[in-house]
Amino acid sequence: MSDFSEDLLRPTPEDDPAETSVRPRSGMCLPWLQKQVESVATRGKKEKDFAQTTSACLSFIQEALLKHQWQRAAEFMHSCLQILEDSDSHKRQAAPEIIWKLGSEILYYHPKSSVETFNTFADRMKNIGVMNYLTISLQHALYLLHHGMFDDASRNLSQAETWRYGEKSSSQEALINLVQAYKGLLQYYTWSKKKKELSELDEDDYAYSTASQNMFKHSWKTSVSFSALVQTPGVWDPFVKSYVEMLEFYGDQDGAREVLTNYAYDEKFPSNPNAHVYLYNFLKREKAPREKLISVLKILYQIVPSHTLMLEFHRLLRKSDKEEHHKLGLEVLFGVLDFAGCTKNLTAWQYLAKYLRQILMGSHLAWVQDEWNSRKNWWPGFHFSSFWAKSDWKEDKALAYEKAFVAGILLGKGCRYFRYISKQDHQDLRKKFKRMKKLVKKHSIVNPGP
């Protein structure tokens, strides 16, 4: 045990035993009383009412944390440790989790804390209220990873992976699966590094065969760690992506497809846009039929109509032979531009300008009217005000031109945005402006005045 840990666990002689506060050589005050810890560990009971003290201390700690007063928060933890001995069994059972969350937060940010301090505290808390062992072990491993201690984190997860307490409950099983998955993620990291090393070797080299075998060994271990988790309902994006990459690397396309399909479509899993993105990208790599790609993106559109893949979705719909897809393609473009984050998306406006021209020339005025009717009360102010006309022309003339054409089609040549942009004198755009005015006059959905 290090000198620091000894200082942490041993009261200093000059302190009053009743008011012991451990001061390690790092200079940080850590009021984790050994006497109180031992009392709880041995099921010592004291018939005292700590409710008022505990409530006040938690309030003070909350205030200190919000103000980033880490030393003050650490000192108040002295009294809060009393909840570990509360006579109320429910409060006593909840106490270890509260102490862990508060203590780990303080130690994470305290300027005089250290990895050794955090490790000592985590190891203590794992054995107080054993039902928190797996959760604390997992968070401890993430802390170690944050500090670049890859091997220590891996050992921590390996120890947690084999931990059991009483009969295996469903909650324990879920946590064990999560611990195994994070261990798998570390193994995936090692596999990725070996994959990179392998790519730099000559296939005829003896070292290539050895490296390939090592890679396969790590991939097998990782697959075992991931397989249970990806079948459990939840959002497991980094694990699924890593697992699929490995399956694809070894040519198991069917396995990868099955994992991604279940992740996207299994009703037991929560709605997750990324699941559909991963499946779409996989199918695209497989050169799947257009209809299949459209079916995947159609669901993504229903979840996130402003997703960056929606412009790609529009292109697929535009190339389809089905008229219903062509109509949906217009709906998708309007849907993208409904969102503030997409208002300056030049590609989206270019697509809409071109598609409006194509649709109206194809005698599908009703499609445009259907989309415009639900937007005519708010799009003019949202997209086509005088303010936006001046701002867009100043910042991006190409964007202003495309928006002006759309404004003219939807609102007519009297639209403020269209009038302002069309009156600008720009040598490179003169011919385009002239053509734009003709098209707006011919195809605008607004009835021309007398």
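A few remarks follow.
- Where the alpha-carbon atoms of the range 235-370 are placed on the principal axes, they occupy 50, 31, 27 Å, in descending order.
- Computed over protein heavy atoms with a 1.4 Å probe, the carbon and sulfur contribution to the accessible area of the range 264-350 reaches 50%.
- At full extension, Asp266 and Gln427 could sit 52.3 nm farther apart than now, given 0.36 nm per residue minus the alpha carbon distance.
- Residues Tyr108, Tyr417, sorted by accessible area with the largest first, give Tyr108, Tyr417 [1.4 Å probe; ligands and nucleic acids excluded].
- Checking the Cα-Cα distances for Lys322/Lys403; Lys193/Lys319; Lys91/Lys241; Lys193/Lys287; Lys268/Lys322 against a 30 Å cut-off, the pairs over it are Lys193/Lys319; Lys91/Lys241; Lys268/Lys322.
- With the biggest extent put first, the Cα atoms of the range 378-433 measure 33, 21, 14 Å across the principal axes.
- Taking the convex hull of Cα positions in the range 107-179, its mean projected area over all directions (nm²): 4.9
- Rolling a 1.4 Å probe over the heavy atoms of the protein chains gives the range 367-430 an accessible area of 52 Å² per residue.
- The per residue volume of the convex hull around the alpha-carbon atoms of the range 354-450 is 100 Å³.
The values are calculated or read from the model by the stated rules, or taken from the named source; none is laboratory data. Being a predicted model, the structure only gives us computed values, none of them experimental. Calculation scope for accessible area: heavy atoms of the full protein, side chains included, ligands and nucleic acids excluded. Shrake-Rupley method; radii C 1.70, N 1.55, O 1.52, S 1.80 Å.
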